1. Would you confirm whether or not segment 227-240 contains a residue that is on the phi > 0 side of the Ramachandran plot, small (Gly, Ala, Ser) and modelled with pLDDT of 90 or more?
2. Of everything in segment 77-107, what is crowded, with 20+ Cβ neighbours inside 10 Å and in contact with a Pro (Cβ under 6 Å, 6 or more places away or on another chain)? Give them in sequence order.
3. So Leu222 ticks every box in (1) without any contact (Cβ under 8 Å) to a residue 60 or more places away in the chain; (2) within 11 Å of ligand 2 (Cβ to nearest atom); (3) in a helix (DSSP H, G or I) but one. Which box is left unticked?
4. Of Glu231, Glu181, Glu250, which residue is within 16 Å of ligand 2 (Cβ to nearest atom) and surrounded by fewer than 18 Cβ atoms within 10 Å (Cβ to Cβ)?
5. Of the residues that sit in segment 274-292 and are surrounded by 18 or more Cβ atoms within 10 Å (Cβ to Cβ) and part of a loop (DSSP other than H, G, I, E, B), which one is modelled with the highest pLDDT?
6. Kindly check whether there is at least one residue in segment 313-321 that is modelled with pLDDT of 90 or more and assigned to a strand (DSSP E or B).
7. Kindly indicate whether any position in segment 293-303 is part of a loop (DSSP other than H, G, I, E, B), acidic (Asp, Glu) and at pLDDT 95 or above.
8. Scanning segment 30-69 for residues that are surrounded by fewer than 17 Cβ atoms within 10 Å (Cβ to Cβ) and among the hydroxyl-bearing types (Ser, Thr, Tyr), which turns out farthest from Thr6 (Cα to Cα)?
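The values are calculated or read from the model by the stated rules, or taken from the named source; none is laboratory data. Nothing here was measured: the structure is a model prediction, and the numbers come from that model. Cβ placement follows ideal geometry from the backbone for every residue including glycine, while neighbour counts extend to all protein chains displayed.
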Amino acid sequence: MKEEHTLRAVLCALQTEGTDEESFERSVRELCGLSEACGVEVCTVVTQRLASPVHATYIGSGKLAELKAACDMLDAELAVFDESLSPTQIRNLSGELSVEVIDRTDLILRIFSDRAKTKEARLQVEYARLSYMLPRLVGMRAHLSRQGGASGFMSARGAGETRLELDRRKILDRQARLRKELKNVERIRHTQRASRLGGGLLRVGLVGYTNAGKSTLMNRLLAMSSGVKKEVYTEDMLFATLDTTVRRIEVYGHAPFLLSDTVGFISHLPTMLIDAFRSTLAEAADADLLLEVVDCTDEDRDAQSEVTVQTLKEIGAGHIARIRVMNKADMEGALHPPGTLLCRHPEGEADEIYISARTGEGVDALLARIEGHA
Ligand SMILES: Nc1nc2c(ncn2[C@@H]2O[C@H](COP(=O)(O)OP(=O)(O)OP(=O)(O)O)[C@@H](O)[C@H]2O)c(=O)[nH]1
Ligand SMILES: [Mg+2]
């Protein structure tokens, strides 16, 4: 979000039948994290238990009144829903509430838009946002006409279907242009990388949940490498990395290999983002070996690992050999000290190795493991 001041938000989450307490709480925690990553201040969380979402308004009418009251009392400017809302739900909720209504998908898209730095990432994010907007133009318009204006596509306001049809066509045209531009950027990237880094080396890909420490591990390996290597960006926030970086790792006494660092995963990563970032993610899929980086101190690590494995399948990388790198083992709460290796082959699972990308402990053992795969 580009606003100068922090936006105040009320979060709203529905616990539907079949969702256990634990995964519900995890989801709400993550929504808070996503909101903060977006520069949004969470004022309160309104929750409801229902057998299934209400078709028209997602939550029940009594709860909706409660939510409206909370928004008014707390001076909120946003209501953030912990799920993908249908275009109808957005339209109805926008009509009922006096604040802007956004859902989890929208929140993730906004974070991506704020963080995108390279040309390719910016094009990909814009493409994804347009895909998201397309079926929701009516609901967005309802909010904007009350607010009295907005920027970009939504600024050209007008009434009725003609206006909508125009907007729709504009979006489709823009998407067609973006697709062309993306093809070009991709082609240039491919040829540059192939010639610069040289083929024939083992290709290793860092993958995993956002904020697990993938980029920190990349930098640790670069620091151990001979020669001067440019570091990648790391930060304690969701989605610090939004593009793919490939570097040659050459640690004395170990065979050199190519290492790629890429965008992290999260549960319910919007499909339009997976689609838009397919080429970036495909670079991770284009590896001989994957290092799945896990924050082993996170109580949600198992669920996060499941999401990673699922997302890998979605991008066609489910079959690639994988080592589970249990990172942040220097911290309190780690199950094992750095350097611990757990072989999981009998169950058909990935090997687990405990390391600390921050202190470097266990990284030598990891390098030996990587070599074993060459
Ligand atoms: N204590 C500790 N902190 C770590 C370790 N590795 C990474 N971190 C911290 O975890 C945070 C996230 O690290 P990143 O390397 O940016 O994580 P990432 O997986 O690349 O995250 P995204 O790019 O956002 O998906 C940073 O604050 C790091 O300093 C570790 O081994 N120990
Ligand atoms: Mg990163």
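1. The answer is no; no qualifying residue exists.
2. Thr105
3. For Leu222, the failing item is (2).
4. Residue meeting the stated conditions: Glu231.
5. Ala287
6. Yes, there is a match, as at least one residue in segment 313-321 is modelled with pLDDT of 90 or more and assigned to a strand (DSSP E or B).
7. Among the residues of segment 293-303, not one is part of a loop (DSSP other than H, G, I, E, B), acidic (Asp, Glu) and at pLDDT 95 or above, which makes the answer no.
8. Per the stated criteria, the residue is Ser52.
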